[in-house]
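Here the structure comes first, spelled out in structure tokens, and everything after it is commentary.
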Amino acid sequence: MTDYQEQLAECQANNKNLFASVGEAGKGFGALHAASVADGVLDTKTKELMSLSISVVERCEGCITQHTAACIKAGASREEFAEAVSVAIMMAGGPATVYGGKALVCFDQLSK
């Protein structure tokens, strides 16, 4: 079974290295990310749940891990998280059930 705490730390370290290596592009992406998830008409929790759904549809394990951590930090409950996964399944079908299941395991591990 995947250790999502370890995977989260690895993703964060990889991103830090990448963004430092690509200069202004890394700063630009960081600014885009911060602006995109900031509270607005939609709150940060809703935006992170949307990001999680997209991560499941795209089958991006690193994205799932990082957005799961962000959902937890934003105060998402397991029930809200599962509902966001269900939207991904509706949009992507069978493959999303595989990655949605991984996302729930990730949520459970990172919530401890």
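Table for the structure above
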item: Relative contact order (percent, whole number), the chain, Cα cutoff 8 Å, 6+ residue spacing; result: 29 percent
item: Segments 28-34, 87-93 sorted - mean Cβ within 10 Å per residue, highest first; result: 87-93, 28-34
item: Angle in degrees between helix 78-92 and the longest Cα principal axis of the chain, rounded to the nearest 10; result: 90 degrees
item: Relative contact order of the stretch 21-82, defined on C-alpha pairs under 8 angstrom at six or more residues apart (%); result: 28 percent
item: Cys with no candidate disulfide partner in the chain (beta-carbon separation under 4.7 Å rule); result: CYS11, CYS71, CYS106
item: The chain: calculated mean residue ellipticity at 222 nm from DSSP helix runs of at least 4, using -39500 (n - 2.57); result: -27000 deg cm²/dmol
item: Separation between Cα centres of the stretch 71-106 and the stretch 1-32, rounded to whole Å; result: 22 Å
item: For the chain, built as a Gaussian network whose Cα springs stay under 10 Å, the top-fluctuating residue of LYS73, LYS27, LYS45; result: LYS27
item: Ranked by how many other beta carbons lie within 10 Å on average, peptides 19-25, 3-9 from highest; result: 3-9, 19-25
item: Cut-off 10 Å between beta-carbons: net charge of the residues surrounding LYS102, Lys and Arg +1, Asp and Glu -1; result: 0
item: Calculated volume of the Cα convex hull per residue in Å³ (choose from (1) 100; (2) 125; (3) 110), label; result: (1)
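Each value in this text was obtained by applying a stated rule to the coordinates, not by laboratory testing. These figures come from a predicted structure and were not determined experimentally. Cβ: placed from backbone, ideal geometry, glycine included. Neighbour counts: every protein chain shown.
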